[in-house]
1. What's the FRET efficiency of Q154 with D9 using the Cβ-Cβ distance as r and R₀ = 51 Å, to the nearest 0.05?
2. How long is region 12-171 along each principal axis, judged by its Cα atoms, biggest number first, in Å?
3. If exposed means no more than 12 neighbouring beta carbons inside 10 Å and the site is in a DSSP loop, what's the longest run of the chain without any exposed trypsin sites (Lys or Arg not before Pro)?
4. Between V99 and Q219, what is 0.36 nm times their sequence separation minus the Cα-Cα distance? Round to one decimal in nm.
5. Excluding I68 itself, calculate the net charge of residues whose Cβ lies under 10 Å from the Cβ of I68, where each Lys or Arg counts +1 and each Asp or Glu counts -1.
6. In debye to the nearest 20, how big a dipole does region 162-223 give about its Cα centre with +1 on each Lys and Arg Cβ and -1 on each Asp and Glu Cβ?
7. Suppose R0 equals 35 Å; then what is the FRET efficiency for A261 and E179 from their Cβ-Cβ distance, rounded to the nearest 0.05?
8. Considering only the other residues whose Cβ falls under 13 Å of the Cβ of I296, what net charge follows from Lys and Arg at +1 and Asp and Glu at -1?
Amino acid sequence: MRLSELGEDRFLERLRERVPASGPEVKLGIGDDAAALALPVGEMALLSTDVLVENVHFTRQTLPPRFIGRKAVAVNTSDIAAMGGRPVGLLASVCVPVVTEVEELLAVFDGILERTGELKIDFVGGNLSQTPGPMIVDVTILGVSLGGRMLTRQGARPGDSIYVSGKLGAAAEGLDLLEEGMAVSASGAVLVPKHLREGPVPLAESCLRAHRDPEPRIQLGQFLCEHELASSCIDLSDGLSRDLNRICRENGIGARITETALPIHPGVLAWERVRRRPPLEKALAGGEDYELLFTIGDDQKLRNWPDRHGVAVTRIGVVTESNQGVKLHLRDGKERALDSAGWDHFQSKRAPGEP
């Protein structure tokens, strides 16, 4: 059945049946003109919004409806993680053509509800609208600070170490694999075409997962904030090069990172070797990693982090004076300027997910 046959109110009735009971902070949730949440006394509200647009951030061929919803939640939650906060409530505005199948739109919301449940976030409402196309999923998230503290992009100083969490480049590699013919079923199973079966297929799954279902680093952000470790922090949505340059501009500093220190995802190393391409650029400018890039003055305070939480953090460089610029030290001993290569909504020639 199409949405034009069911209608808005009957669709909302079906949706409300899927929404679980809210937590104690939600005083008024889905179904009214606005949501009402009670925040802890003395804490600051953290607000962020992000949008997924069909044929810009995804296509129906590369991202099944359920994963559109899951990814919309994750990329917004990553912003709260970068602030060191706790995500609390989420609103989703979805615009679709009236010819959209009811089950397809319900699958998008199933993904939203599934991911918010996993991350312990209350889904508290949103909006539905028709559009001549394409599909748009616009999410706004509310978080709260912890102990009145928060991480920001400001505060990095010369001499601070530069760290990144996790591995780099996997999401961009996953997108390449999808565009080369790999597919993901509605259940999440990976379908490998014949011409790619000779490649390192076992490493493809984690790259595809990184693209379709990123993991926001909430625990790491909270750890850095609670222990007042990070002097600055940003989540890697647009690529390491671009986001590091943002930190440097915000603080009036330079930076020097080392190629051999970069934690490039093994799937990137393997598949780029098959393509006979260097993996470095994918790690620097691939985008959509949603890892945390942060600076810290005392490295010793991080010594127990990998053992306790299972997400590695890697020292990749050092903050320098502004007149030294933003540099990459290459494995051959040479240095090059590290520009703001990465995803730019108004200048990049190819969007993530664009055919």
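We did not get these values from a lab; they are worked out from the coordinates using the rules stated. Note that the structure is predicted; figures quoted are calculated from it, not measured. Cβ sites come from the backbone with ideal geometry, for glycine too, and all protein chains shown count toward neighbours.
1. On the way: r = 47 Å, r/R0 = 0.91.
Result of the calculation: an efficiency of 0.65.
2. 57, 40, 24
3. Working: sites that count: K120, R197, R276, R303, R331, K334, K349, R350.
It runs 1-119.
4. On the way: separation 120, 0.36 × 120 = 43.20 nm, distance 4.08 nm.
Between V99 and Q219, full extension yields an extra 39.1 nm.
5. Counting the neighbours of I68, the net charge comes to +3.
6. Values: 6 positive and 8 negative charges, 32 e Å.
The calculated dipole for region 162-223 is roughly 160 debye.
7. Working: r = 30 Å, r/R0 = 0.84.
Taking R0 as 35 Å, the efficiency between A261 and E179 is 0.75.
8. On the way: positive: R157, K301, R303, R315; negative: D160, E228, D298, D299.
Result for the neighbourhood of I296: 0.
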